[in-house]
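The values are calculated or read from the model by the stated rules, or taken from the named source; none is laboratory data. Everything numeric here is computed off the predicted structure, so don't read it as measured data. Ideal geometry is used to build each Cβ from the backbone, glycine not excepted, and the neighbour counts take in all protein chains shown.
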């Protein structure tokens, strides 16, 4: 008996109705007849489906193989002692330019690495999370330093990143794209690159991935339009959001508009995040996040040889400053604790983390 084709209807049944869609944009970006478009932070069919199955085989929420991806990236699978995936080196660092430090998140490492990659022709564009004036996240194609600085900082609501890659290819005519994304978005990149029906144009264009540590993201409507507005705050006035020491914070320049316990916004966490067990973007070339690092700096995990070379070359060129994060350091233990906490949370029986839960 012939197997039934895997169509967008299968994604509706297996992923969307199960509240497990991460809104990565992979299915929409790969659709050859351009009939999948974002609506209410999920893909929606707006036209006649070509019955090609392509959307299904880009989705990281179905048939994702950790072993296949690790063999693709490293020619081996992880050992039991590799708690947060295969690594080439773990560091603490920050950007050297004060402009990037001030605009970026936790020292601006991601912005600085992308700036180095663009300046040295390692990539010809980067897809990052930008936002509109009302703080709704959206993918932006950055082709120069000014674009990177303008879009620096964490948004905390989902953006269909892979749609940005499609834009970089077809609207900007770029061929070597750096992708910044949360763990689920990096999984989408690797699903496309390893799937037997992966979109080849997308797969070949995504030449660099920088993953962001992420515990969870929040639904835009619930967090911004409803909750933030209920506090009498105009979203258009917000210039930065942050999660620090168990608190959710919104700023307007140097003025604090909102500072509440993280538990107060827990109800707005997207359901797909609670079904994810990857805290450190284990399949990226480089992973970056605040956990394990002092204030104003980030932990930097070089995972692939490409990622390690970029980190070291950017340091030598003066774009970033680094020190090694050793396994006996307290920061390393905190990072390990958060990795384990997110995995256990997926089971429904999480242990208490060593530090307050944060993205």
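Can you give me the number of residues within region 33-49 that are assigned to a loop (DSSP other than H, G, I, E, B) and either in contact with a strand residue (DSSP E or B) (Cβ under 6 Å, 6 or more places away or on another chain) or farther than 17 Å from residue 219 by Cα (or both)? It would help to see each step written out before you state the result.
So in region 33-49, the residues assigned to a loop (DSSP other than H, G, I, E, B) come out as 33-35, 39-42, 46-49.
Now narrow it down to the ones that are either in contact with a strand residue (DSSP E or B) (Cβ under 6 Å, 6 or more places away or on another chain) or farther than 17 Å from residue 219 by Cα (or both): 33-35, 46-49.
Looking only at that region, the number is 7.
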For this session: Would you point out the residue of region 147-186, among those that are touching a strand residue (DSSP E or B) at 6+ places or on another chain (Cβ under 6 Å) and part of a strand (DSSP E or B), that is surrounded by the most Cβ atoms within 10 Å (Cβ to Cβ)?
Result: 180
For this session: Looking only at region 265-287, decide whether some residue is crowded, with 23+ Cβ neighbours inside 10 Å and in a strand (DSSP E or B).
Result: yes
Exercise. Would you call residue 93 in the same structural domain as residue 146 (by TED's automatic domain parsing), surrounded by fewer than 18 Cβ atoms within 10 Å (Cβ to Cβ) and closer than 24 Å to residue 294 by Cα?
Worked result: no
Exercise. Part of a helix (DSSP H, G or I), surrounded by fewer than 23 Cβ atoms within 10 Å (Cβ to Cβ) and in contact with a strand residue (DSSP E or B) (Cβ under 8 Å, 6 or more places away or on another chain): does that describe residue 118?
Worked result: yes
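Consider residue 133 carefully, then state whether it is in the same structural domain as residue 319 (by TED's automatic domain parsing), surrounded by 24 or more Cβ atoms within 10 Å (Cβ to Cβ), outside any helix (DSSP H, G or I) and touching a helix residue (DSSP H, G or I) at 6+ places or on another chain (Cβ under 7 Å). Walk me through how you get there before you give the answer.
Working: in the same structural domain as residue 319 (by TED's automatic domain parsing): yes; surrounded by 24 or more Cβ atoms within 10 Å (Cβ to Cβ): no; outside any helix (DSSP H, G or I): yes; touching a helix residue (DSSP H, G or I) at 6+ places or on another chain (Cβ under 7 Å): yes.
No; evaluated as a whole, the condition is false for this residue.
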Problem set entry | Lone unmet requirement of (1) over 20 Å from residue 245 (Cβ atoms); (2) surrounded by 15 or more Cβ atoms within 10 Å (Cβ to Cβ); (3) at pLDDT below 95 for residue 327 | (2)
For this session: Out of 87, 83, 77, report the one residue that is at pLDDT below 95, under 27 Å from residue 331 (Cα atoms) and either in contact with a helix residue (DSSP H, G or I) (Cβ under 6 Å, 6 or more places away or on another chain) or not in a helix (DSSP H, G or I) (or both).
Result: 83
